[in-house]
Each structure stands twice: as structure tokens, then as C-alpha cells.
1. Could you tell me how many cubic angstrom of Cα convex hull volume the stretch 11-126 has per residue?
2. Below 8 Å between Cα atoms, with a sequence gap of 6+, how large is the relative contact order for the stretch 11-126 in percent?
3. If each residue of separation counts as 0.36 nm, what is the full-extension length gain between E94 and S15 once their alpha-carbon separation is subtracted?
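FYI, it's all coordinate maths here, none of it is from the lab. Everything quoted here is computed from the prediction, not taken from an experiment.
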Amino acid sequence: MTLQQPPQTDWYFDSGATSHMTSNPSTLSHILSPRYPFSSSIVVGDGSLLPVTATGVASLPGHLSLNNVLVSSRLIKNLISVRRCTSDNNCSVEFDPSGCSVKDLTTQRVIVRCNSSGPLYPLILPTAQALAASSTSSCDIIVLVTLVMRS
């Protein structure tokens, strides 16, 4: 018996990730079966491999697009590759003790601000976007109601 993780709607900036990654394909649009040049597996810190089952595009606040997101059901966090995010969106990501800011490279305008009080840099989706990005199974609805009540 294994414990199921609730669906993740938050994304986390990861300066060491070479690709964007998620376990939940319902957060993506334009889902495709993996094919070259995309990786067929994700190598994690302990050297083990997680199979990639699909790729897709995620749309995030501030009109940010995450292209070529790898899907693997065994991931427990949605990861944003800082390198790919800056390339895909012509932006910079600036980290500070309170969180991080994504800025348009041309105007230096803040596209989205991500506050953080813990060790990670989360990009927490607004409630309406989390509802739209999830599927409508009863389990997902219970989790999303909990998220709404915490806000």
C-alpha cells in the first residue's frame, strides 16, 4: 500500500533543474507523448530514474509560459527550471531573503512576486487558476476547497 500525494498546484523555482517538471498532467496544455529531444527519464539526486510519460506547456501568473514540461507521476513537487524560465519568457529571476521576483528583461517590471518564509521559493497559483488547472474528481475538489479555506 502506498500513500497518494494530493495534486500539486504550486510550482517551485529550482536553479539546479535542467527542465520544468510536474507529476500532474492536468496542469498542462498541449500534452504530447515524450519524444526526442526530450528526456525519457528524470535523474534525481540519489541517481535513480523517474520515467517521463508526457510533455506539455504550463501557463502561470504574469503570462509566464513553461515550455517542454516533463511529466512523471513519481514527482512530489512541480519544479520550474530557472534557466529555462528565463529563456522561455525573456525575464530574470531575482532571489532575496523574503522570496523572489520575476522581472521582464526589457522593462525591469516585476511580472510576479513570490514570497517565501521557508527554504523553498514557491510560486503559489491564485485560487481561481488552481481550480481551472485541476481535474474535477471528488478528491481534487476536496483538496482545492482546503486550499481556498487556507487563503
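1. With only Cα atoms used, the stretch 11-126 gives 106 Å³ per residue.
2. Numbers: 241 pairs, mean separation 34.3, N = 116.
In percent, rounded to a whole number, it is 30.
3. Values: separation 79, 0.36 × 79 = 28.44 nm, distance 1.11 nm.
In short, 27.3 nm is gained.
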